[in-house]
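One structure, as C-alpha cells, below. Some questions next.
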Protein chains: 4
Amino acid sequence: MRLWDKGTEVDDLILDFTVGDDHILDLRLVKYDCLASMAHARMLHKIKVLTQEETEQLVESLTIIKELAEKGEFPITKEQEDCHTAIEAFLTDKLGEAGKKIHLGRSRNDQVLTALRLYEKEQLDNLRASFGELRQALAGRIDRYGHIPIPGYTHMRKAMPSSIGMWLGSFTAALNDDSTLLKAVFKLVDRSPLGTAAGFGVPVFELDREMTAELMGFASVLANPHYAQLSRGKIEMTILSLLSAVMFDLNRLASDLLLFSMDEFGYIDLPERLCTGSSIMPQKKNPDVLELVRGKYHIVCGEESKVRSLVSNLTSGYQRDLQLMKGPLFRAFDTTAGCLEIMTLVLSGIEVDEDRCRSAMTDELFATEKVYQLVKEGMPFRDAYRQVAKMAKMRSDR
Amino acid sequence: MRLWDKGTEVDDLILDFTVGDDHILDLRLVKYDCLASMAHARMLHKIKVLTQEETEQLVESLTIIKELAEKGEFPITKEQEDCHTAIEAFLTDKLGEAGKKIHLGRSRNDQVLTALRLYEKEQLDNLRASFGELRQALAGRIDRYGHIPIPGYTHMRKAMPSSIGMWLGSFTAALNDDSTLLKAVFKLVDRSPLGTAAGFGVPVFELDREMTAELMGFASVLANPHYAQLSRGKIEMTILSLLSAVMFDLNRLASDLLLFSMDEFGYIDLPERLCTGSSIMPQKKNPDVLELVRGKYHIVCGEESKVRSLVSNLTSGYQRDLQLMKGPLFRAFDTTAGCLEIMTLVLSGIEVDEDRCRSAMTDELFATEKVYQLVKEGMPFRDAYRQVAKMAKMRSDR
Amino acid sequence: MRLWDKGTEVDDLILDFTVGDDHILDLRLVKYDCLASMAHARMLHKIKVLTQEETEQLVESLTIIKELAEKGEFPITKEQEDCHTAIEAFLTDKLGEAGKKIHLGRSRNDQVLTALRLYEKEQLDNLRASFGELRQALAGRIDRYGHIPIPGYTHMRKAMPSSIGMWLGSFTAALNDDSTLLKAVFKLVDRSPLGTAAGFGVPVFELDREMTAELMGFASVLANPHYAQLSRGKIEMTILSLLSAVMFDLNRLASDLLLFSMDEFGYIDLPERLCTGSSIMPQKKNPDVLELVRGKYHIVCGEESKVRSLVSNLTSGYQRDLQLMKGPLFRAFDTTAGCLEIMTLVLSGIEVDEDRCRSAMTDELFATEKVYQLVKEGMPFRDAYRQVAKMAKMRSDR
Amino acid sequence: MRLWDKGTEVDDLILDFTVGDDHILDLRLVKYDCLASMAHARMLHKIKVLTQEETEQLVESLTIIKELAEKGEFPITKEQEDCHTAIEAFLTDKLGEAGKKIHLGRSRNDQVLTALRLYEKEQLDNLRASFGELRQALAGRIDRYGHIPIPGYTHMRKAMPSSIGMWLGSFTAALNDDSTLLKAVFKLVDRSPLGTAAGFGVPVFELDREMTAELMGFASVLANPHYAQLSRGKIEMTILSLLSAVMFDLNRLASDLLLFSMDEFGYIDLPERLCTGSSIMPQKKNPDVLELVRGKYHIVCGEESKVRSLVSNLTSGYQRDLQLMKGPLFRAFDTTAGCLEIMTLVLSGIEVDEDRCRSAMTDELFATEKVYQLVKEGMPFRDAYRQVAKMAKMRSDR
C-alpha cells in the first residue's frame, strides 16, 4: 500500500512509469532512512507524540530493518515505490499504532533529503580515504622511480627535461586540491533537512530540529524549509562537480600512462596481469583498464550535466523531476570510487623502464638550457633565443 | 574462458573492472549476435571454411541460443565478459571443432558493431511505430477538442487567440519532423560492418560481405573497415541526437500540460487515475508522470553528451572507451520508448475544460485584431499599433 | 525608437541587458530580413494592403539596405535592438507611410524565424561545398600516398596492417555520412515560417503564404503557426547536431595527425609553414592548428548543449530565452566552416614519410595473418589463435 | 614580430586560424600581465639578471602600458597574437636591451597562467561583492513583504501555506552556500604559477618564486611546475562550476518570478519600467529580463561543459586546445556578473500584491494542518491522513 493511498485506482502503467527503478535504487538508502527515523522517533517522544514504549519499539524495529538491509535482506517492492514506504509498512505491520504515528512531522520530501545527505556524507568520507590510498600509491612510485628523467612534452612534442617525480607529483598535487574542494562540499552537505517536511515546515507541532540533527551527527540544521527543497539538485550538482574534478585527474593520468606505455615510447611497463587480450589478434596486451578509466570521466560528466539541466527552469517547491537525480548521483559515486580503487592498483603495478626513458632524453630537450647559458654569459634572452633557434633550424635542414 | 585467454593470470579486480556490467547489458544483444553468426557461418560455408554439416549444426545451435535468450534463459557470466564469448563458448562446448571455427574472418569488434546495428534498426522501427501511436492519440484529442479556443501565450503572458487544435497540432508537426530525421538516421545505420574485423579487414581469406549483409537484411555493406570503427560513436551520436529531438517534443508537451492543468488555469483535466499522491498532504493529486517525462529529456540529453565527449580526442582504431557507449544507448532508447508510450496513454486520458478555456479568452488577446481592423479602415499599421497601445495603457492605469 | 515603443520609460540597465549583443549578432541577418521583407511587401500588394507604388518604393529601399549591409555600412544601434527594427526605422524614415505599413501581417517572431532559416539554408549550402573541398584534399593525399602501409592500432597498440589509403578513406566515408544528414536537416529548414506572426497566425487579413515562400525560394510553407515557434530550438538543435557530427570527424582526424606526426612515430610530416613556435624553446615546431581543430569540436558541442537545455522545460509560445540561441548557432557555423577550411589546407600540405611507415611494420602486426595461414592449412581458428599466442608470449618473455 | 619568430614563413591562413580572437580576448589580461611582469623584473634584479636601472625602466614602462590598457588605448594586433607578445614588443621597442631580457625565466605558459589567476582573483572578489548586494535587495523585499502568505507549491500544485519571507529567504540561503564554495575556489586560485615556465621549471637560473608570489599578492606558490599546467582547466572547471551554481539560484528565482507575475497568479507585480513590448501586440508588457536571466544559466552551463570536455583525454603538458578556455571563462564571468546586477535591480523593483496573495490561500492548503489537529486530538497520523483525504475527495467529487 502506498503512503498516499486513498482508495482510488491508479493506472498500472502510470505506477510502473513513475516508480521506474526507484525501488532498486532506494535499497542503498534504507540504512540511512532507518537512522533518520530513529532520531525522528526519539524527537517525537521528546515532544510527547510518542510514548516511551512506542519509541523503544520503533527504534528496535528500525534496527532490525537496518541490519536486514545491510545483509541485502530488506527488499522493496515496486508497489511500495521507495524505501520510505517499505519501512513505514514494515513498522505498521509489526507495531500497529506506533507505526502509523511515525510519519507525523515529516514528509517523504525531507525524508529523502535526509537519507541522501547521510548517504552523501558517508560517500564523501570514503572518497577522502581513497584519495589517501591513491596518494600513497603515487608516493610509492615516486620513491622508487622519481629520479628518472623523462622528456617533458608540450603540444605533443618534446619540450624540456622532466622527471617521473615531477610528472607523478603533479597528480598528488591535483588530489590535494580535490581535498580542499571536498572539505567545502562536505560542509554544505553536513546540515540536517529533517523537519522541513514538504518544504514549508510543519504546522501545529513544535519539532526539535536541533535534537534530530545532533542524533544523526549533522553539524547543524538547514533552517529555511524552502531552501531545503531548492538545495535538492544544488547540493548534488556540487558533489558531481567534485567527482568530475577527481575523475579529470584520473582521465589525464590514464591518458599519460596509455601514451607512455605505447611501444613507440616505452617509458612505462604495464604488467600483463593488468592487461586484457583480443579475440582475433593473439599478440595483443591491451590496456583496457586505462581506457575505461579515461572513458569513465565522461560518464561522470554526463551524470553531472543531467543534474545541471534537470533542475533548471523549474519553479520552486518539490517537483518529481528531482527524483531522477538519484541514479546519476549513485552512478557517479560508484564510478569514481571504482576508478580510484583501480588506479591505486594500477599505479602500484606499473614499472618504469629507465633505459628507454634515458635514451629518449635527446638533444632538443636542452635547447632552452643552451639559451640560458648564453644569457648567463651576457647575451639578452631574446637574442640568445634567436641564435639557438637558427642553429636548430640549420641542423634539421641538413 | 575468455576468447583471448592465453594462459596468463589477470588480476581479478582488473577483470571485474573491465567487464563492468557488460555481461548484463549484453543480454539484449544475444539475439542479434545469433542472427549475425548464422549469416557468418553460411558465408564461411560458401567460401569453403565450414562444411555443410558444420554450418547446419552451427545454425541450429544459434537458433537454440536465440530462443533461450528470448525467454531470458541464456545467462552471460562475468567471466565470459560479453555475449560474443558466451555464444562461442556454448557452440564450442556443444559442437567442438565447428565452434572453434566460427570466429574466423571476424573480430569481436565487428561482431559488436553488427549486433548493435541490428539492434538499432529494430529500435528505430519501434520508434517509428510509437510516433504513429502518439500521433493518433493527438489526432483523437484534436478531433474532440480542437475547436475550443485557448489563450496563446508569449513570454508567459497572454498574447493572441489560439486553440486546442493549433496547440496540439504543433506536436503532430514536430513528430513529422522527427520522422524525417529518423529516415536519415536509419539509412546511416542500415549498412553491414560484418567482415571489417578489428577495423582493418581480413587477410588470407576472401570474405563475401555482400552475402552476409543480405542475409542479415542490411541495405548495403559498410565498405571501409577503418570507417566501421570510426563510425562507432558517430552513429550512436546521431541516434542519440534523434532521441533527444523526440524527447524535446515530449518535454515541451509535458510542460504545457503541467501548466494548463494547474488550478490557476484549469484548461486541462488530468484524470485522477493518471495522478499520484503525497505522503503528508491528503488533498494532493500530483502529475508525477508529466514531471518525469519532462525530466527524462535531460536524462537522454545527458546520455547523448556522454557519447559526444567519450569518443573525442581519441586516435583511430578501436579503444575500450567505446564500450562505455552501450549503456547510454540502451538507456536512451528505453527512456524514449517508455516516454512515448506513457504520453500516448496520458494524451488519450486528458480532458479539456471548455468553460475554463472560454472564460480565459479575455479582451487583451484581441488587441492585435483591433489594430488590424484599424488598418483595414485605412490607418498605417504602426500608427494603428500605437493608438491601440495607448488605449490599453489608459485602461490598465485606471 | 523601438518597434514596441508606447511612450513609457524603461530602465536603461534593463534595455542594455535585454538587447545584449543582439544588435551586433543581427548584422549578419540584415540581408536575409531584406529578402523576406521584399517578398512580404509584394504579397501585401497582392492582397491590396500596399499600392503598386508603395511596394516598388519598399523593394527599392530594401535593396539599398541589403547592399549597404553587404558592404558593412548598415549599422544597428543598441537603441534599435535588432535588425528588424533598424530596417523598419530606415524604411519609415525614408518612405513615411509605406514604411509604417510593412509590418502588417507579421511579427518580429516570424521575421526572426524567416531570416534565420534563410541564413541557415545558405550556411548549409556552404557546408556542403566545404565537404567537397575536404574530400578532394583527402583524395589528393590518397592518390599520392594511399598505397603506403602503416600499422593499424587498437587500444593504442599495434594491431594489424593498415594503409594510408584505408585510414584517410575512412574520413571520406565519414563526410559522406555527414552529407546524408545534411540533406535531411536541409529539408527541415527549407520551409517558410513567414506569416505565422507571433505563433498564432494573423487575424482579419488573408495572407498568401505560398507566394512569399516561393519568392524567398523555400520548398514549402511551415503550416502550423504554433509549430513555427516550437521549431525554434528544435531546428537549431538539429543543425548543431550535424555540425557536431562534422567536427567529430575533424577532431579524430586531427588527433591522428597529431599522434602520427610525433617524432616517436614520424609517419606524417607537417611542413613548418603550418606550424607555430614557442616563446621559450627555440627548437619547437608546434602543431597548434591541429590542436585547435581538435579543441573546437568541444566548442561546437558546448554550443549544442546550450541550445538543448535552453529550450527545455519551457511552456509553449515564444519566450525570450530563445533569443540566446543566435550566438551559439552563429559561433557553431563559423567554427565548423573555419575548421573545414583549415583542415583542407593542412591535408593538402602534409607529407607521408614512407621510410618511417615501412619500418614501423613490425612482426606483431602479422600475427593474425599467421593464425589464418594455420587455418588455411586445416587447424580450427581458436586452436590456431592459441598456438600463435603461445609463440608470441615465448618471444616476448625471452 | 611573434615571440617565436625564427625567420621562416608561416601560412597566413594558419596564423589567422591559430590566433583566432585571442588578441581581442587578451585585452582584459594586459593589466594583469603588467603586474606580473613588474614582479618578475624585480625578481630578475634580485637574482642579478637585470640591473637596477633596467628594472626601473621596465617597471616604469609596464606602468605606462597598464594605464594605457585601462583607458582602452593599448591595442593588440593580430600579428602579435596575444598580450604577452604585445607587451614584450612595446618594452623592446622602447627600452632595447632591457626589453629583450625580461622573458628570461618564464614562458608564455606561466605568463598566461599567472595573468589568468590574477584576473580570476579579482573577478571572484567582485562576485563576492555582488552576492552582498543581491542579499541586500532580498533583505529589503523580505523586510517589506516577508509576512505576506503565499501558497507553497509542490508538483506545481498548491501544497501548504508558505510566505514571501520563507520563499525569498531560500535564495538568501542559496547565496550563502555559494559564498562557502567561493571561498574554497578562491583558495585554489590564490597560488602563483610564475616561474613554472613551460611546465617543467627553469634550468641554469635560481628563481625566487616566493618573492614574485608575494609581490603579486598570492597567498603561496604553486610548487609543482607540471601541476601548474595540469591545473589549467582544472581550476577553470572549478570556477565555472561555482558560476553555474550561482546562475542556478538566479534561474530558479527568475522562474518563480515569471510564474508568480503571470496574470493567472498575480502575486508579484513587475513594474512597467522593467518590462519590454511586442512589435505586433500593443498590449504586451513582457518580462524579457527574467527570461534572459533564466536562459543565461544554460549559457554558463554550456561554457562549463566546453571546458570539461576540452581538457579531457589529453596527455600532459600544455596543448593549444587549452587556449580555447579563455572565451568560455570570460563569457561565464561576464554573464554571471551581469545577471547578478540585473537581478539586484529587478528585486529592488518588484512589488507584492497582498490581496491576490491572500485570496490565493484557499482551503486545500490547510489539509495537512487538519490532519495534525486530528493527531493532536489523539488519532495516529496515517489514520488522520486517510480521513482528511476521504473528505477532500468527497468534496471534489461533488
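The values are calculated or read from the model by the stated rules, or taken from the named source; none is laboratory data. Keep in mind that what you see is a predicted model, and the values were worked out from it rather than measured. As a convention, Cβ positions derive from the backbone with ideal geometry for all residues, glycine included, and neighbour counts pool all protein chains shown. These accessible areas exclude ligands, DNA and RNA; they are computed on the full protein's heavy atoms, side chains included. Shrake-Rupley method; radii C 1.70, N 1.55, O 1.52, S 1.80 Å.
Mind checking D:322-334 for the average number of partner chain beta-carbons within 10 Å of each residue's beta-carbon?
2
Here's another thing I want to ask about it. Among all the aspartates and glutamates, which ones have a C-alpha under 13 Å from D:LYS306's C-alpha, if same-chain residues fewer than 8 places away are not counted?
Those aspartates and glutamates meeting the cut-off are C:GLU303, C:GLU304, D:GLU236, D:ASP321.
Using alpha carbons only, what's the Rg to Rh ratio of the protein assembly as shown with Rh from Kirkwood?
Rg divided by Rh gives 0.96.
Then there's this: Please go through the residue pairs A:LYS285/B:LYS234; B:LYS46/C:LYS370; D:LYS121/D:LYS183; A:LYS158/A:LYS370 and name each one whose alpha carbons sit more than 18 Å apart in this structure.
Check vs 18 Å cut-off fails for A:LYS285/B:LYS234; B:LYS46/C:LYS370.
Apply 1/(1 + (r/R0)^6) to the Cβ-Cβ distance of D:GLU377 and A:GLU56, taking R0 = 30 Å, and write down the FRET efficiency to the nearest 0.05.
0.75
Roughly how crowded by other chains is peptide C:77-88, in terms of the mean Cβ count from those chains within 10 Å of each of its Cβ atoms?
1
Between the range A:175-216 and the range B:85-128, what is the C-alpha centre distance in whole Å?
51
May I ask you to report, in nm to one decimal and beginning with the shortest, the distances from C:ASP269 to the same position in the other copies, taking label points 7 Å along Cα-to-Cβ?
Label point to label point, same position, other copies: 3.7, 7.9, 8.1 nm.
I've got another one for you. Would you mind counting up the charge near D:GLU304? Only other residues with Cβ under 12 Å from its Cβ, with Lys and Arg at +1 and Asp and Glu at -1. It would help to have the intermediate numbers written out before the result.
On the way: positive: A:ARG308, C:LYS306, D:LYS306, D:ARG308, D:ARG331; negative: A:GLU304, D:GLU236, D:GLU303.
In short, +2.
Please compute the length gained on full extension between A:GLN387 and A:LYS46, using 0.36 nm multiplied by the number of residues separating them and subtracting their Cα-Cα distance.
Numbers: separation 341, 0.36 × 341 = 122.76 nm, distance 8.39 nm.
Length gained, A:GLN387 through A:LYS46: 114.4 nm.
Report the local net charge at B:ALA98: Lys and Arg +1, Asp and Glu -1, summed over other residues whose C-beta lies under 14 Å from its C-beta. Write down the numbers at each step before the final one.
Details: positive: B:ARG42, B:LYS94, B:LYS100, B:LYS101, C:ARG382; negative: B:GLU53, B:GLU54, B:GLU56, B:GLU60, B:GLU88, B:ASP93, B:GLU97, C:ASP383.
With Lys, Arg at +1 and Asp, Glu at -1, the neighbours total -3.
Okay, next question. So if I take the alpha carbon set of chain D, get Rg, then get Rh from the Kirkwood formula, what is the Rg over Rh ratio?
Value, to two decimals: 1.14.
Turning to a different aspect of this structure: Rounded to the nearest 100 Å², what is the sum over both chains of accessible area buried where A meets C, with a probe of 1.4 Å?
Accessible area lost upon association: around 3900 Å².
Could you pull out every one of the lysines with an alpha carbon less than 19 Å from that of A:LYS71, ignoring same-chain neighbours closer than 8 positions?
Hits, sequence-local ones excluded: A:LYS31.
Next question, about the same structure. Using the eigenvalues of the Cα gyration tensor, what equivalent ellipsoid semi-axes result for the range C:12-101 when each is taken as the square root of five times the eigenvalue, whole Å, largest first?
Computed over the range C:12-101, the values are 25, 14, 10 Å.
How far is C:VAL204 from the same spot in each other copy, in nm, shortest first, if each label point sits 7 Å from Cα toward Cβ?
5.9, 8.2, 8.4
Under the definition of partner shielding as Cβ atoms of other protein chains within 10 Å of a residue Cβ, what is the mean value for peptide C:174-180?
4
D:GLU97 versus C:ASP269, label points 7 Å from Cα toward the beta carbon: distance in nm?
The two pseudo-label positions are separated by 4.2 nm.
Along its principal axes, what span do the Cα atoms of the range C:56-139 show, with the longest given first and each in whole Å?
Here the spans come out as 58, 29, 26 Å, largest first.
Also: Can you list the distances in nanometres, one decimal and ascending, from the B:LYS71 label point to the identical position in each other copy, with the point 7 Å along Cα to Cβ?
Relative to the other copies, B:LYS71 has label-point distances of 3.5, 8.3, 8.9 nm.
Efficiency by 1/(1 + (r/R0)^6): what FRET value for C:ASN126 and A:GLU341, r their Cβ-Cβ distance, R0 = 60 Å, to the nearest 0.05?
0.75
Still on this structure: Going Cα to Cα from A:LYS48, which aspartates and glutamates come in below 16 Å? Please leave out same-chain ones fewer than 8 positions away.
Here the aspartates and glutamates satisfying the reach criterion relative to A:LYS48 are A:GLU56, A:GLU97, A:GLU206, A:ASP208, D:GLU377.
For the range A:215-293, report the translational diffusion coefficient in µm²/s to the nearest whole number, using Stokes-Einstein at 4 °C, 1.567 mPa s, and a Kirkwood Rh over Cα pairs.
79
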